[in-house]
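Working notes for the structure below.
Only the coordinates and a few stated rules stand behind these numbers; no lab work does. Only a predicted model underlies this, so the values are computations on that prediction, with no experimental measurement involved. Neighbour counts are summed over all protein chains in view; Cβ atoms, including those assigned to glycine, are modelled from backbone coordinates with ideal geometry.
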Amino acid sequence: MNSRKINDALNALSSKKAPKYTTYLAAIVLFLALILLPPILGIFTKFDTMQQILNQPTLMNRALIAIANSFMIALLVSAFDVIAGVPMAWFITRGKSRWLNIIDTLADIPFIVPTAALGYSLLLFWNGPEGISALFGGSLISPGWLLITLLHFTFSFPIVVRVMVGALLDYKMEFERASRTLGASPFTAARTVTMPILRPSLIASYILAFARSLSETGATFIVAGLFENGPVFLQNIKNELAVSNPPLYEGVTVFTSLILIVVSLAIFAFIRIFGSRLRLPIRGFWPSFERKLSYKKAEASRNSITLIVFFLIVLIPSLFVALPAFEALFNPTLSEAFSGSGIWSDYWQSLVVSYALAGIVTVLSFVIGLPMALMIARKRFGKFTANMFDILVNVPLIVPSIALGVSLKFFWQNFAFIPEFLLLVFAHLAITYPYFVRSMTAAFERISLDMEEAARTLGAKPFGVFKTIMLPLTKYSILSGAIIVFTRSVSETGATLAVVTTLQTAPVVIVNWVKQFVPATPLDIGLGCGILIVLSLAVLLTLRFVTRGKARY
Amino acid sequence: MPDVRVVNLTKKFGDIVALDNVNLTVHDKEYFSLLGPSGCGKTTLLKLIAGLIEPDSGEIYIGDKRVDNVPPEDREIGFVFQTFALFPHMTVWENVNYGPKVKNFDEKESETIVHEVLELVKLHERLGAYPNELSGGMMQRIAVARALAAGAKILLLDEPLGQLDAKVRNEIRYEMRKMAKDLNLTAIHVTHDQSEAMSISDRIAVMKKGKIVQVGTPQELYMNPASLFVANFIGESNFLEGSVAEANNGELVIELRGGAKVHAFGKGLARDERAVVVIRPEVLTVEKPSYRGKNVLRGVVEKISFEGTFIRYVIRLESEDFVIVIKPSLTERWFDIGDSITLSFESEKAHIFAYPEAGLMEEISV
Ligand SMILES: Nc1ncnc2c1ncn2[C@@H]1O[C@H](COP(=O)(O)OP(=O)(O)OP(=O)(O)O)[C@@H](O)[C@H]1O
Ligand SMILES: [Mg+2]
């Protein structure tokens, strides 16, 4: 009765111009005020502190090397991701095995495990005495750039797989079939027809993996050893200078953040502009060679290699932390943990902070992100505005999150009354919002305008169209968008470290434990990571369960 | 050489039986059509022949060679898709040159071939255009040219004209046939448009619910439909229900609903069996009211539509059944609505079928 009245009222409102446009405008204003402008203004207010670093050549050198390391690793890792991720996506979408569904789910695990836990897990696997190193007598891979590269591969690989599986499912098979009937072997067909047509998705997956590698802080910090990339350097500088020499600390931070931001924007712009013009580099045809690559044996070995890479480099290292976690179940660590004594009281508090934060950020992303996505997808304020916001919304995605956090901190510290928790909300919102808007924009764009127009001609008001057509058709995307936002927020370490002084989130606690800033035993750490992983798995399985069979439209 | 032969072919999608034990031979250099209502399995059969999907059981031969396990790229077929499937990231030239490239033809040779086929489809000016810059008719020609350039001996065409407007469609369909004939190709053309199939095919297979119900030349199908379904699907027919009053060595007297008696020829029907008499509209002749011959049907003109060359009358018979009569407009006298009319037909030109168990409407519905 009551909800019906509200519905009628909303319907009536939505057919008037003013309220409709107010909604869109509010979404735009909130985006500018909370997400885009604060970091930009934050960094500009501190612009002059940069002089500090100019007369410190060694420090400057260290900063530049760290920045270069960041980009080298990101470029390299995302290339590996695409090389390994495309065959995996192909295997998942085209294979005939009954196990594909399970593999599909497994591929998501490293993506939803909080990266700090992932970092510790990898450290154990590659370096710890009980991991794979045991086979080689001694630690196989010690902390440093190689371990960072492996780590980044592990958590960005699932991104490429996810994007490419979606693209392959949407792809019209007819093109590939036509190519086969014209005489192309399966491999040639895939290389000359399917991949070029899916180029936008290839580029998107590369950019996402690239951005993720550039941003990741918590896990990288854990496995870095003495090696520094951008985020690790910023964190080290904070520990070294924040108290002893605040002006120098600010100068170094602004300098590093600014360069990270500018270079990643430049790379992003470059890929966006030239990526779509670039005809795929290899245009030749080698029919007889590729024919050999196409048939049973070659295909089977390709699939085996793909699976070996997936299990050995991605999945098993991600879950390796389960061993000490399991061990912890059978000794006093468990009761200590659940009684919340000693270091564990911080842990439980941080868990509450993390999940409350993630919940709030998810709701906020939804509320201000949905109208924005609709505005962009349906070009409500014209083509130009839509394109502009489409680019602007993605900016926070490619800015390293620790740099984003630093700039945000500089801006909001001008408003002393803002509590730290709110600061965290803003920082996480800025980082997660683009993911939600991206996935919703894509989902709305997939709904043909005809469908909306048909509903209008049948008598639905704009709000009615939204409620009865757009929402039901995008349910799956909303849900998966929300899950991405949620897990991303639970994982986020870089921006968190940058903005907080007293509050702790779960990944921060894990980093502190692993780095022994707090005295924690390996069993403590194992159990702490294990609990995080179990919670994330629960989230993933819920998603799988709720959306089962709904991905059809 | 390349006959196409399928033997006991069955294909299921889950519970749906898309093809049910189909047998068919298409001769070398024949222009052959698969005709049937939507969902009857035409595309499925074509894709099986192309090797794009795999059969559940049965055999497929091209020439003397069994090709069930041959991948599509080695079957020497050309497939023209309903949506054309031109590669959007390649120009016209690159699309047509694709087959020669992936088949490793000599560069010079493939250039000559591409020029030839583009000449053939009269699209030589737009070599550098991308598919989205072409009209539907152009895309269709490029799709055919692309299949030809790859050296296809057998052309498989899945509703190749379905996306075109009626006028272009009527022009292109004869070109398609001419091209196939000039190049000595075997063509299998899928369509649900019976006039398209009738006008260009050497032979037609009519399909219904995953089965082939009749194969024959257009004339055979029209003159001797093997079932009520074919009689209805190909051309137009009047269906009159009745029962066998006398049966004498294939010579039958049928008592129609309403009491009128007609003579016809048909085998396998015994006295008192229910039957359906099928009469093409142009077979019905108009007689004087005093006509005393065999096969008399009396009625009143209910509806008239003028169709240019022909006039179509809907007649309400005394039995309350309706029949359609078609007459040339300029050489015969016109009737008005309400005029009484006496009709007749030659017994040889009517067809008799047993009344279908499922009911007449169910049997002939598409
Ligand atoms: N990939 C598929 N999955 C499930 N069912 C299918 C698939 N392809 C075809 N079918 C079913 O098989 C039957 C035959 O389909 P087919 O496409 O061969 O029909 P058609 O004669 O080509 O129809 P149309 O004239 O509409 O193209 C239909 O019932 C269809 O729903
Ligand atoms: Mg079809």
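Per-structure values
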quantity	calculated
Added length on full extension, which subtracts the Cα-Cα distance from 0.36 nm per residue, A:Ser339 to A:Leu479	46.9 nm
B:Val253/B:Val168 FRET efficiency (R0 51 Å; Cβ-Cβ; nearest 0.05)	0.50
Where Rh is the Kirkwood radius over Cα pairs, Rg/Rh for the range A:233-376	1.12
Whole-Å semi-axes of the range B:236-364's equivalent ellipsoid (Cα gyration tensor)	26, 16, 13
Peptides A:17-24, A:315-322, A:424-431, B:6-13 ordered by average Cβ neighbours within 10 Å, highest first	A:424-431, A:315-322, B:6-13, A:17-24
Highest to lowest packing among A:153-159, B:270-276, scored as the average C-beta count within 10 Å	A:153-159, B:270-276
Net lengthening on full extension, A:Leu25/A:Arg277 (0.36 nm per residue, minus Cα-Cα)	87.3 nm
For the range A:328-484, convex hull volume per residue from C-alpha positions, Å³	174 Å³
Lysines whose Cα lies under 16 Å from that of A:Lys515, excluding same-chain neighbours fewer than 8 positions away	A:Lys238
Pairwise label distance in nanometres, A:Ile447 with A:Ala386, each label 7 Å out on the Cα-Cβ vector	1.4 nm
Simple Cβ-charge dipole of the protein assembly as shown, Lys/Arg +1 and Asp/Glu -1, about Cα centre, in debye nearest 20	1280 debye
Anchor B:Lys261: lysines whose Cα lies under 22 Å away (excluding residues fewer than 8 positions away in-chain)	B:Lys288, B:Lys294, B:Lys349
Average partner coverage of A:168-181, which counts Cβ from other chains inside 10 Å	6
Residue among B:Leu183, B:Leu19, B:Leu164 with the largest mean-square fluctuation in a Gaussian network model of chain B, springs linking Cα atoms under 10 Å	B:Leu183
Among the listed pairs B:Lys42/B:Lys153; A:Lys46/A:Lys409; B:Lys29/B:Lys101, those beyond 22 Å (Cα-Cα)	B:Lys29/B:Lys101
Volume of the Cα convex hull of the range A:403-445, divided per residue and given in Å³	74 Å³
Using a Förster distance of 35 Å, the FRET efficiency for B:Lys181-B:Val17 (Cβ separation, nearest 0.05)	0.50
Separation in nanometres of the label points that stand 7 Å from Cα toward Cβ, at B:Glu111 and A:Leu41	6.5 nm
Cβ neighbours within 10 Å from other chains - mean over A:208-215	0
In Å, descending, principal axis extents of the Cα set of chain A	67, 63, 53
Where only C-alpha atoms are counted, convex hull volume of the range B:4-231 per residue in Å³	127 Å³
Net length gained if the chain between B:Asn104 and B:Lys65 were fully extended (0.36 nm per residue, minus Cα distance)	11.7 nm
Against the rule of thumb 2.2 N^0.38 Å, how large the Cα Rg of the range A:58-195 comes out	1.35
Estimated FRET transfer efficiency (A:Asp170, B:Ala270; beta-carbon r; R0 51 Å; 0.05)	0.25
Hits among aspartates and glutamates - C-alpha to C-alpha of A:Lys383 under 18 Å, sequence gap 8 or more where chains match	A:Glu445
Global size of the range B:303-366 as Cα Rg and Dmax, reported in angstrom	14.8, 43
Packing-based order for A:484-495, A:56-67, using average beta carbon neighbours within 10 Å, highest first	A:484-495, A:56-67
Inter-chain shielding of B:81-88 (mean C-beta neighbours from other protein chains, 10 Å cut-off)	5
Average projection area in nm² (convex hull over Cα atoms of the range A:16-68, one quarter of hull surface)	5.4 nm²
